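J.: Below is the structure I would like to discuss, written out as structure tokens.
The values are calculated or read from the model by the stated rules, or taken from the named source; none is laboratory data. All figures in this text were calculated on a predicted structure; none of them were measured in a lab. Quick reminder, even Gly has a Cβ in these numbers, built from the backbone with ideal geometry, and neighbours come from all protein chains shown. When the accessible area is computed, the model is the full protein with side chains, heavy atoms only, and any ligands, DNA or RNA have been set aside. Shrake-Rupley method; radii C 1.70, N 1.55, O 1.52, S 1.80 Å.
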Amino acid sequence: MSKGEQTKERILQLAAELFNQQGYAGSSISDIMRVTGLQKGGIYNHFQSKDELALMAFDYAIAQMRQLHRTALRSKRHAIERLQAIIDVYYTLIENPPIKGGCPLLNTAVESDDAHPALRDRAQQAMNSWRDMICRIIQKGIEKGEIRPTVDADEVATIMIATLEGGVMMSKLYGDAIHIERLIKHLNDYIETQLPI
């Protein structure tokens, strides 16, 4: 990786953390300069605008989340174990986040809902990818006889995502992991009792 590529990667990482903690609207170019230690020209040497940086920083943050999922799923073969591995990733967001500030998908989806259509579209694409992953795991589980054929994969994906994101939000708000711990226990019970054949 060239020095320029390393600098761009560092800007993306630091901007992703800044946007995830302060939001896109709440982060100025001066804030980006402060956290990166670069002048405006140094930033604009790698990104055409704050908007482009925000989109690429979001992609960077989501890539970190996808890597957590890949690592968690790597050794799991049974559909129930795979769903539980996804759930366990969300405890990591509280205890050892890959990007400071909580879940970048949740934060971006809430902030960009009406204010930034391009970021909203990017957040929706990331959410679709997450939902598709859960649905694929469930469909394979049905095909392999591990999950009841009457289980609605999209419904389970909605329940899992809404519960996990709500748990992350409450734990961040109160500074207490008990909320995500309770929801992880609830989801694991739900998956173990409601999904298997």
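J.: Using every pair of alpha-carbon atoms in segment 132-197, split the distances into 10 Å bins beginning at 0 and state the percent of pairs per bin, rounded to integers.
T.: Spelled out per bin, shortest first, that is 22, 44, 24, 9, 0.
J.: Over the chain, calculate the relative contact order: mean separation of alpha carbon pairs under 8 Å at least 6 apart, over the residue count, as a percent. Don't skip to the end; give the middle numbers.
T.: Details: 193 pairs, mean separation 43.8, N = 197.
Dividing the mean separation by the residue count of the chain yields 22 percent.
J.: Ok, one more. Enumerate the calculated ³J(HN,Hα) couplings along segment 144-155 in order (Karplus 6.51 cos²θ - 1.76 cosθ + 1.60, θ = phi - 60°), each rounded to whole Hz, writing x wherever the residue is Gly or Pro.
T.: Here the 3J(HN,Hα) series is 8, x, 9, 10, 4, x, 8, 5, 8, 4, 5, 5 Hz.
J.: By how many nm would the segment from residue 100 to residue 2 lengthen if fully extended, with 0.36 nm per residue of separation less the alpha-carbon distance?
T.: Fully extending the segment from residue 100 to residue 2 adds 32.7 nm.
J.: Quick check: pseudo-label points 7 Å beyond the Cα along Cα→Cβ at residue 120 and residue 25, how many nm apart are they?
T.: With each label placed 7 Å out from Cα toward Cβ, I get 1.2 nm.
J.: What value does segment 54-195 have for Rg/Rh, both radii from Cα atoms and Rh as Kirkwood defines it? Could the numbers behind the result be given before it?
T.: Values: Rg = 15.0 Å, Rh = 15.6 Å.
Here the Rg-to-Rh quotient is 0.97.
J.: At 222 nm, what helix-only mean residue ellipticity would the chain give, in deg cm²/dmol to the nearest 500, using -39500 (n - 2.57) for each DSSP H run of four or more?
T.: About -26000 deg cm²/dmol.
J.: I've got another one for you. Give, in nm to one decimal, the length gained when the segment between residue 49 and residue 35 is fully stretched (0.36 nm per residue of separation minus the Cα-Cα distance).
T.: Numbers: separation 14, 0.36 × 14 = 5.04 nm, distance 1.69 nm.
Full-extension gain reported as 3.4 nm.
J.: May I ask for the percentage of alpha-carbon pairs in segment 1-84 that lie more than 14 Å from each other?
T.: 65
J.: Just to confirm, what accessible area per residue do you get for the chain at 1.4 Å probe, in whole Å²? Working shown, then result.
T.: Values: 10410 Å² over 197 residues.
Heavy-atom SASA per residue in the chain reads 53 Å².
J.: Also: Straight distance only, please: which lysines reach the Cα of residue 76 with their own Cα at less than 25 Å, same-chain residues fewer than 8 apart left out?
T.: Reachable lysines: 140, 144, 185.
J.: Grab the other residues whose beta carbon is less than 14 angstrom from that of residue 142, score K and R as +1, D and E as -1, and report the net.
T.: 0
J.: Ignoring ligands, DNA and RNA, what percent of the 1.4 Å accessible area of the chain is carbon and sulfur? Could you put the intermediate results ahead of the total?
T.: On the way: 5150 of 10410 Å².
Answer for the chain is 49 percent, counting heavy atoms of protein chains only.
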